[in-house]
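Asker: This is the structure, below, for whatever I ask next.
Laboratory data are not the source of any read-out in this text; all were calculated from the coordinates shown. Everything numeric here is computed off the predicted structure, so don't read it as measured data. Counting neighbours? That spans all protein chains shown, and the Cβs are built from the backbone with ideal geometry, glycine included.
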Amino acid sequence: MAQPGRVAGILLAAGEGSRLGQPKALVRLGGKTLAERGAALLREGGAEPVIVVTGAVAVSLPAVFTVQNPDWRTGMASSLAAGLRSIPDDCGAALVALADQPLIGAEAVRRLIVAYRAGASVAVAAYDGAPRNPVLLARRHWAAVIETASGDSGARAFLRAHPDLVTLVECGDTGRPDDVDTPDDLDRVAALLGLD
C-alpha cells in the first residue's frame, strides 16, 4: 500500500565534537561544512523539507529549516525529538541522517523513500547487511521513538524493541557509514573522497 505525505529530512548536527576539537556541523571537508553536505544529501535524495537540528553552534543554510535544540548537551535523543516535533503536518515520514557521516550517498536516501512508498513504516540503511544510518520513520511511530529515546541512542531503543517493523535496505553499494569523530577520522574520510 502506498504511503501518504512528503518525507521530511532531519539532519542531526547539534554536537560540540569534543573528540574532534570543534563542532561537527562546521567542520569543512572539500570546501563544504558537514552540515552543508548533510543537508545536500537529504535534499538530493528527495527529502522535503530539510530540517537541521543545531545545538553547540548556530547553522544557517539556504532552503533549510533550522531547529535549535536547547537540550543538545543531553545527547542525540533530544535532538531527534526536537527534529520530529518540528516537521510539518503534511509529512508522513521523517528520514534521519547524521552530520558526521559524509560518505553516505543521496542514493541511500532515495532507496529508503522508495521502501516507504512501497509500504515500509520503518526503513533502515544497511551496509553489507549491518543496519546503520540513515533511518526512515513513519509518522505513526514518532511518539514511541521520542518516548524510548535517551542519551545518544537516538532511535536505537525503538528499533531494537520492534525488529518486526524494520525493513533493511541494502546501501553498501551507494556509500559508507563512516563517522567523523576524531581528526584521524576526518583525514581518512577526506582521503576516501580524494580530497587533500
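Asker: In percent, what relative contact order does segment 64-148 have, based on Cα pairs under 8 Å that are 6 or more apart in sequence? Spell out each step's value before the answer.
Answerer: On the way: 77 pairs, mean separation 24.4, N = 85.
So the answer I get is 29 percent.
Asker: Between the alpha-carbon centers of segment 105-154 and segment 1-62, tell me the distance in whole angstrom.
Answerer: Using only Cα atoms, the two centres lie 16 Å from each other.
Asker: If one computes P(r) from the Cα atoms of segment 6-189, what percent of pairs lie at distances over 23 Å? Walk me through the numbers before you get to the answer.
Answerer: On the way: 5693 of 16836 pairs.
So the portion of pairs separated by more than 23 Å is 34 percent.
Asker: If you don't mind, there's one more thing I want to ask. Which whole-number percent gives the relative contact order of segment 98-187, counting Cα pairs below 8 Å spaced six or more residues apart? If you can, show how the numbers build up before the last one.
Answerer: Values: 128 pairs, mean separation 37.4, N = 90.
Computed value for segment 98-187: 42 percent relative contact order.
Asker: Can you give the FRET efficiency to the nearest 0.05 for residue 128 and residue 188, using r as the Cβ-Cβ distance and R₀ = 22 Å?
Answerer: After rounding, the FRET efficiency stands at 0.75.
Asker: Projected onto the charge dipole of the chain (+1 at Lys/Arg Cβ, -1 at Asp/Glu Cβ, origin at the Cα centre), which of 64, 166, 3 gives the Cα projection farthest towards the positive end?
Answerer: Final value for the positive-end residue is 3.
Asker: Through the Karplus equation 6.51 cos²θ - 1.76 cosθ + 1.60, θ set to phi - 60°, convert the phi angles of segment 177-183 into ³J(HN,Hα) values in whole Hz; use x for Gly and Pro.
Answerer: Listing the rounded values in order: x, 4, 8, 9, 10, 9, x Hz.
Asker: Continuing with this model, one more query. How high is the relative contact order of the chain? Use alpha-carbon pairs under 8 Å, at least six apart in sequence, and give a whole percent. If you can, show how the numbers build up before the last one.
Answerer: On the way: 437 pairs, mean separation 49.0, N = 196.
The value is 25 percent.
Asker: Using a simple charge model, +1 on the beta-carbon of Lys and Arg, -1 on the beta-carbon of Asp and Glu, nothing else, what dipole does segment 6-189 show about its Cα centre, in debye to the nearest 20?
Answerer: On the way: 19 positive and 21 negative charges, 67 e Å.
I would put it at about 320 debye.
Asker: Right, another one. Report, in degrees rounded to the nearest 10, the 0 to 90 angle that the Cα long axis of helix 76-85 makes with the longest principal axis of the chain.
Answerer: Orientation of helix 76-85: about 50 degrees from the principal axis.
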